[in-house]
Structure formats: C-alpha cells, structure tokens
1. Given the structure, is Thr87 polar (S, T, N, Q) and free of Cβ contacts under 8 Å to residues at least 40 places away in the same chain?
2. All but one of (1) touching a residue at least 60 places away in the same chain (Cβ under 8 Å); (2) open to solvent by less than 20 Å² (accessible area, probe 1.4 Å) hold for Arg672; which doesn't?
3. Does the range 40-64 hold any residues that are hydrophobic (A, V, I, L, M, F, W, C) and touching a Leu at 6+ places or on another chain (Cβ under 9 Å), and which are they?
4. Looking at the structure I just gave you, is Lys320 under 32 Å from the mean Cα position of the chain (by Cα), away from the ligand (no atom under 16 Å from the Cβ), part of a strand (DSSP E or B) and of a type outside the set (A, V, I, L, M)?
5. Filtering the range 1-59 down to residues that are among the basic types (Lys, Arg) and not in a loop (DSSP other than H, G, I, E, B), which residue is farthest from Thr194 (Cα to Cα)?
6. Restricting to the range 273-300, name every residue that is open to solvent by less than 70 Å² (accessible area, probe 1.4 Å), touching a helix residue (DSSP H, G or I) at 6+ places or on another chain (Cβ under 7 Å) and farther than 16 Å from Ser31 by Cα.
7. Just the residues that are open to solvent by 10 Å² or more (accessible area, probe 1.4 Å) and either of a type in the set (S, T, N, Q) or in contact with a Ser or Thr (Cβ under 6 Å, 6 or more places away or on another chain) (or both), please, taken from the range 500-519.
8. For Pro66, work out the one condition from (1) touching a helix residue (DSSP H, G or I) at 6+ places or on another chain (Cβ under 8 Å); (2) surrounded by fewer than 19 Cβ atoms within 10 Å (Cβ to Cβ); (3) in contact (Cβ under 8 Å) with a residue 40 or more places away in the chain it doesn't fulfil.
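The values are calculated or read from the model by the stated rules, or taken from the named source; none is laboratory data. Please read these numbers as outputs of a predicted model, since none were measured by experiment. Here the Cβ is made from the backbone with ideal geometry for all residues, glycine too, and neighbour counts use every protein chain on show. Each accessible area value is taken on the protein alone, full model and side chains, heavy atoms only, with ligands, DNA and RNA left out. Shrake-Rupley method; radii C 1.70, N 1.55, O 1.52, S 1.80 Å.
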Amino acid sequence: MDTRVETILSQMTLEEKAGLCSGLDVWHLKSVARLGLPEVMVADGPHGLRKQLDFKDYVGLTDPVPATCFPTACTTACSWDTVLLKTIGEAMAEECLQEQVSVILGPGVNIKRSPLCGRNFEYFSEDPYLSGKLSAAMIGGLQSKGVGASLKHYAINNQETFRMSVDAVVDERTKREIYLKPFEIAVKESQPWTVMCSYNRVDGIYASDNKRLLTDILRDEWGFEGIVMSDWGATNDRPAGIKAGLDLEMPDSHGKNDERIVAAVNDGTLDIAELDRTVRRLIAFILKADSCKKTNYKYDQSAHHALARKAAAESAVLLKNSGVLPLDKTKKVAVIGAFAKTPRYQGAGSSLIRPHQIDSVCDELDRQGIPYTYAPGYRLERSETDESLVQEAARAAEDADIALVFAGLPEAYESEGFDREHISMPESHNDLIRRILETSRDTVIILMNGSAVSMPWAEGADAILACHLGGEACGSAAVDVLYGDVNPSGKLSETYPLALEDTPAFLNFPGYTKSVEYREGIYVGYRYYDKAEKAVLFPFGHGLSYTTFQYHGLSVSKNKDGVQVSLKVKNAGQRDGAEVVQLYVKNSPSALFKPEKELRAFKKVFLNAGEESVVSFALSAEAFSYYNTLISGWHVEPGTYEVLIGASSRDIRLSQAVDIEENKPAEVPDDRRRLPEYYELKDDILDISAAQFEMLYGQPLPEREPVKGERYHLNTTLDETKGTFIGWLFQLIVKSQIKKMAGDKNEDNDSTYRMMLASINEMPLRAIGLFGGDIVPRFTPEAIVCLLNNEFFKGVRYLLKK
Ligand code: BGC
C-alpha cells in the first residue's frame, strides 16, 4: 500500500474522486490543487509527438507544435529491429519531456487483419509476435526516460468502418492467439503506464465497459498495473466502466459522467470501494508522471532528424532487384513522380505530426550534387492519368541512364476514420509506371504507401524499393538506400497479396453496420496464405540486400529451460549489411486445425562483408503452444515440431525436427467433423460459412443490421437517423459546426477534416456528446434521442437543461 496515495484518497470528497475519473479538457487530466495533485498532459503519437496547444479543440484541426516525424509503425516494423524501436521511443520521450507531456498515445498494436484498414499505417504487422515485440521495445524506450506509453487500441479494433460501435465477433482462440497476443506481450514485457481501450464492442460489450478485457484478462491474467483510459469519446456507460476497470475517461464529458458516477455511488449501484480502486490508480499515476517531469529540458533536434533518417533507411524493403541497384552516383537519373518532390511520409488523422523539416528526394540529390532531371508524371491531387505529364516523364526517362519512379498511395487513400475499398494505387501512378517500363531504360520503382498495394507491373520492373511512410527524412533515407550508402535490410511485416480477393478477410471486411464476423479465425496473413498454399506478390518477412547471406550449421537441443537453437550466418557478399534471421515453428500434425507455421523468434544481425556470426535463440514452451478453449488456457501438444530458419516466411533455409512434451495434460479440441471448413483451405476465395463460424464462435451470431422500428437510443449512430427529419437536421448542424472550425480547410486539402466528416456518420449519438466538446451542448444527444422517438416535451426539457 502506498501511503501517499492513501493519504490523498482519504481527503478527497466524492465529487473530487468522480472528477478525477475524466479529463480536464482534450489533453489533460484534472488536478486537485488543495491535495497537491498537479495537472498531467497526454498527447498523440505514435510516431512522434503531436502536442496541440488548443486544449478545447476536440476535433483536432489545429496545428500542433513542431516535432520530429519518425517513420510510422508500418515502416519501422519492417526494420524488425527492437533496438531501433527502443531508440525511437527514447527520442520521442525526450521531445515529450521538453514539451511537458507525460504520456504519448501509442504505440498501436492492432493486427493488420486486412490491407484495407485505413489505419494500418499506424500498426505494426499481421503477426502478433512481431507486433508485440516491437511495441514492447518502443514502450521500453519511452518509459526508460520517464514518459509513459498508451498501448492502443484495446482491443480487436481492426477497421475504421463503424469503429465506434461495431461488434467484433471473434472466437476465443483467435482472440488469444492473434488479436490479444501483441497486447499481452507488450504488457508483460514493458508494463505500459497506460492502456487505451478501443471504441468498438467485443462480444457485444463496448470495450470501455468490458470487464473481461479490462480486468480479468488485462490485470488479473497479464498483471497490468497502470491505468486504462478510454479512446477519445469511447466511454459508453461510465459507472459500468468504473466497475469494469476503465479508470480515465478522455476527454471530459462536460462533467456529465462525473455526475453519473456520484449518483451511482449515492444510489448504491456503484460501490465506493470500486470507485476508490480506480481513484487510487489515478493518483498513483499522476504522482508518478509528475515526479518524472523535467524543467528546461531541450532535445537535440538534429540528432532526432538523423535518427528519423536512419530509421527510414533501415526499414526500407528491397522487394526486387535485377542488379540495377545500388546506383552509381555519376549516372544521369530521371527522377519521376511528384512524390520525389512532395513525399508521402506519414498517415492521416489523430497521428498527424507537424515536422520541423521534410527531406525530399530531390532536395537530397541537390545536396549531394547528384545529376538528375525531374518530371512529376502525375498530379498529386488527382487519380486520373494526365497524358501530357506521362509523355514528358517518358521523354525524361529516355534522356537519362536510369529512371527512378516514385509512386504509391496519396494521402486521401488511407486515413484514420475510413477504410480503403481496394488495394490499387491510383491509375495515374500505375499508368505512369507502365509507360516508363516501356522505355528502354532500367527502371526502379520506389513506393511510398501505408499498407499493401497491388503491383500489376511488378514483373517488368528492374527493382522495387518499398519505403512505406518514411517520416520527415524519407527522401534522404531513400537516396541513402538507392545509392548504397545504406545496404537495405528491411523485411516485410505484412504480406503483399496478388489481389484483394486473395486476402483471408475478403468476404468479411468490414462486415455489417452492427457487427463484423472474423470468420477466417486464426488464418490471418501468412498463416492463411501458407495453409491455403496461395501464391502471393511478396511474402511476409521478404526483403533483399545488396549482399548475400548464407545460413548453415543449425543445432536444436533441449535443456531444462526449453529448446536452444543456434546457427551460423555468413555475409558472403562484398558489402557490409544486416540480415533478419526469422525462426518459425512448424506445427506437429494435430487433431486441431493450426497454421502451417508461426513466427516464434527473430534476430537482426549486422555482419561485415565476409563475416560470420552465431545466432542463437532460446525457445520456451510458449513457442509450441496454442490456446485451448477446453481448458481456457495455453497448451503444448506433445509431438514432433520443426524449427524452421528463414530469410522470409517463404525462404526457409534450414530446418530441424524436435520432439516436444506436453506442458500439462489436456484434451485437444478435435473439430475435424464439426468444423471441416477450417481444416482444408483451398486456393480459392476463403468462404467460411456462417454455420461453421457460429459453431466456432460458440454462441449465436449477433445482429448484423439495425432492426427496423427499433427505438432510438444513445448508441444509435447518426447514419441510422438519416431517414428522419431530426437526424438530417442534426447532421447538418454538426457538419456546419465542424466546417466553421475548419476555416479555410476543406475535404480536398485537409485529411483530418475529411476524416472528421467521414466519422460523423458512424458516431453513436452519445459519442457526439462526449467528443463534441463545446460545439455540442451538454444534453443534446439525450434530446435528439427523445425527439427521434417522438417524445417532444421530454426532448425539449433536455435541451433546456444546463
Ligand atoms: C484515436 C486515438 C487517438 C485519440 C486522440 C482517437 O480518435 O482513435 O488513437 O489517440 O483519438 O486523438
């Protein structure tokens, strides 16, 4: 028991306790001056600091203070480098210390279930182990400097469509093995100061009220000790949230929910001991955050820029190379594509950083005095092909020794707030690439994108370099790699499929208005492509180097601690470079359906040309386990497994069998007769029937669409009210308020504004009340609900309430 916390708690009034459970404004927790509890500030991340100075800007439209924009998670994940992630965490913490920010809202570890998720750029991987390890490293870095992380979005938030209300329907084993796993790893390894609950429902219960998620699993099973905060406006039923383990509501709710907490304690529906439990955690958190604050701290801006450059270069993935790369600095290059001058370097939405500087490719070539000609090739703001720009670019290519084409996904294609509908790049980019490939020049395609794209021209390209979203130094980093100053060592953290139809969630993403069924179960990413023996464009873990690595001498042995693995890796080429050694475990034959193999360890090693090194791994029982729903726990099935060592998931270089004993006796779920569709995946569109999924889920599937004639309530979305006069009117008012705040920004030139407009439709009415800050008067949602239900007088009474 912490006596300081207890002393403060004992002096607090019920109102002060309730008040502490919600924010002061968008970015601060409340202070209690008479008890010495100071204000604490949190701010967005996750790939840099987004500190806004307008604390009442609930919509997030105002510019934040300048900060270093590091590459986003989709990029740094390709480094497979825990040391790099830790270093970025430390650097972000330094920026927070200077700006008096105690918690950065990230990292985000939601699994990339489908390449379509608009927010994939902010997430690490399709693989839970890789996501968990990288996020744990970043959290470790942040917190080592006294700045907390907020691990988000907990949980099962894998799409933007109806993210604020959708019920994510996932079977228990898939939850544990895939979607909760990165959170579990990060919590156990790095103990984040805070966890942010997601907006959506899980098993029908809003994450903010979900005791099973917030307490039973997070705290009781994994040992989480920090505070849980809501995503912005995600709170559903505040007293229920306190009981479930939601400590902090963000932002504030005009005091409405504080009043509800007080009322619940007074009428006995909320036990004061339950409130005290939360308040205790909040006091401890505030005291810790305060004790870590620094005055007059200054971070080294140029060192951080250099780190952003290093991170981007080390995360670039060389997808293909006929030998044209690295380039010779004396050769005349045609630099083609508007991204070379105006790079796409970060995603859109709440994570938008305002960088100190942005290095474009052209800037860096100028700086280094490398000769080139430039042709934009396409218009940044248009998807349609501009023939004259394409012709101009083709001429530039013909006049040069080599063509470098910069293409990918424009900002309007992927953002928080909405999902993509396809995985194509704009036609203007594809047409340009096709045309340049028709010229007689060697052509390198450099991609800037936040998630997988299709590449109908891939075969014709001489080299393809995936830079993803490389942060503020993306241009200089790309030049580093293209000219060989940095030897590429990135590996894909997500599969690049050949077509959207090939992806496992194709038929079930983003689902219905009210629910989304994760029918593909555990078959996410390579777990699916391998099992279905599907061809892919570029596999998970793939990435080339300018040197070659040889693998040999695998040894696998058992001792009392588990399985010890070692092998030798040699840099057999002429250049120094790093290799990511990937360890997969191939599952033993089982009565249970399982993926072919799963990533269980990885290590990035740097080797000078000609150097050889021993790479070792220690595998615990966890590397051989699956989640057994019959015992509600992890089970190691006895059998012969194979340790696979690869340079990618489809480039396995070494393997050795190992016999593994059972960790505890348990019956293995044998679903061969009940769930045959999960055992035999065909190389066809994955189409698991509702009946089989329902059996796997173990309970009736929830409603998919709103029931006609149902009464309106606070969780009705604006979209559902569209057909009514009141709904239409309300939407009009809310939209015009946002427009007013946005000033001269509009849908075409501002992604945040566009995201807000897209989100409005899908917001439950209560969230508009919480999220709407000062632009939505206190009891508007309640009034709207009454008016929608034709309860005119009651509605007006709400409107008149203060
Ligand atoms: C996002 C969070 C973000 C928060 C604050 C939410 O809409 O989902 O990731 O941290 O806003 O901006």
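1. For Thr87, the condition - polar (S, T, N, Q) and free of Cβ contacts under 8 Å to residues at least 40 places away in the same chain - is not met.
2. Only one criterion in (1) touching a residue at least 60 places away in the same chain (Cβ under 8 Å); (2) open to solvent by less than 20 Å² (accessible area, probe 1.4 Å) is unmet by Arg672, namely (2).
3. Taking the range 40-64 as the starting set, the residues that turn out to be hydrophobic (A, V, I, L, M, F, W, C) are 40-43, 49, 53, 55, 59, 61.
Val40, Met41, Val42, Ala43, Phe55 - these are the residues of the range 40-64 that are hydrophobic (A, V, I, L, M, F, W, C) and touching a Leu at 6+ places or on another chain (Cβ under 9 Å).
4. On the way: under 32 Å from the mean Cα position of the chain (by Cα): yes; away from the ligand (no atom under 16 Å from the Cβ): yes; part of a strand (DSSP E or B): yes; of a type outside the set (A, V, I, L, M): yes.
Yes, satisfied.
5. From the range 1-59, those among the basic types (Lys, Arg) are 4, 17, 30, 34, 50-51, 56; that's our starting set.
From the residues that got through so far, the ones that are not in a loop (DSSP other than H, G, I, E, B) too are 4, 17, 34, 50.
Details: Arg4: 21, Lys17: 19, Arg34: 25, Arg50: 18 Å.
Among those residues, the one meeting the criterion is Arg34.
6. Within the range 273-300, the first condition is being open to solvent by less than 70 Å² (accessible area, probe 1.4 Å), and the residues that meet it are 273-276, 278-279, 281-287, 289-290, 292-293, 297, 299.
Now drop any that are not touching a helix residue (DSSP H, G or I) at 6+ places or on another chain (Cβ under 7 Å), which leaves 274-276, 278-279, 282-284, 287, 297, 299.
Listed by number, the residues that qualify are Glu274, Leu275, Asp276, Tyr297, Tyr299.
7. Going residue by residue through the range 500-519, those that are open to solvent by 10 Å² or more (accessible area, probe 1.4 Å) are 500-502, 506-514, 519.
Within the range 500-519, Asn508, Phe509, Pro510, Thr513 qualify.
8. (1)
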